[in-house]
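Enquirer: Dropping a structure here in structure tokens format, bear with me for questions.
Nothing in this text is a laboratory measurement; each read-out follows from the coordinates by a stated rule. On a predicted model such as this, the values are computed, not experimentally measured, just so you know. So basically every Cβ, Gly included, is an ideal-geometry build from the backbone, and we count neighbours across all protein chains shown.
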């Protein structure tokens, strides 16, 4: 495994974070939370009649925005990976 220090402004690098978001609330709030996460490759990992755990993959600022928007809908817990990166195309980081 290699560790690299990529620059955020480098257009040849893809940056992403993953977040797990737990929302507790009534059916309406849970549905709104799921809808708010759709454009971030949302995956429903757990769903009950009181809660939902949603996994999203996005840029850091997008996850910040989503977590802020989910708070009024019942966001009670968030866990994030931090940034991961990979070069675009066939080029391999050395």
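Enquirer: Kindly list the number of the only condition in (1) in a strand (DSSP E or B); (2) without any contact (Cβ under 8 Å) to a residue 60 or more places away in the chain that fails for residue 15.
Expert: Of everything listed in (1) in a strand (DSSP E or B); (2) without any contact (Cβ under 8 Å) to a residue 60 or more places away in the chain, residue 15 misses just condition (2).
Enquirer: Filter segment 19-39 down to residues that are surrounded by 18 or more Cβ atoms within 10 Å (Cβ to Cβ) and within 15 Å of residue 79 (Cβ to Cβ), then give me how many there are.
Expert: 5
Enquirer: Of the residues 85, 78, 33, which is assigned to a helix (DSSP H, G or I), in contact with a strand residue (DSSP E or B) (Cβ under 6 Å, 6 or more places away or on another chain) and in contact (Cβ under 8 Å) with a residue 12 or more places away in the chain? Walk me through it before giving the result.
Expert: On the way: 85 fails: assigned to a helix (DSSP H, G or I); 78 fails: assigned to a helix (DSSP H, G or I).
It is 33.
Enquirer: Next question, about the same structure. For segment 1-11, give me each residue that is loosely packed, with under 12 Cβ neighbours inside 10 Å and in contact with a strand residue (DSSP E or B) (Cβ under 8 Å, 6 or more places away or on another chain).
Expert: Going residue by residue through segment 1-11, those that are loosely packed, with under 12 Cβ neighbours inside 10 Å are 1-5, 7-9, 11.
Within segment 1-11, 4, 7, 8 qualify.
Enquirer: Something else: Considering only residues that are part of a helix (DSSP H, G or I) and either surrounded by 17 or more Cβ atoms within 10 Å (Cβ to Cβ) or without any contact (Cβ under 8 Å) to a residue 24 or more places away in the chain (or both), which ones fall in segment 51-75? Walk me through how you get there before you give the answer.
Expert: First, pick out the residues of segment 51-75 that are part of a helix (DSSP H, G or I): 60-73.
Of everything in segment 51-75, those that are part of a helix (DSSP H, G or I) and either surrounded by 17 or more Cβ atoms within 10 Å (Cβ to Cβ) or without any contact (Cβ under 8 Å) to a residue 24 or more places away in the chain (or both) turn out to be 61, 62, 63, 64, 65, 66, 68, 70, 71, 72, 73.
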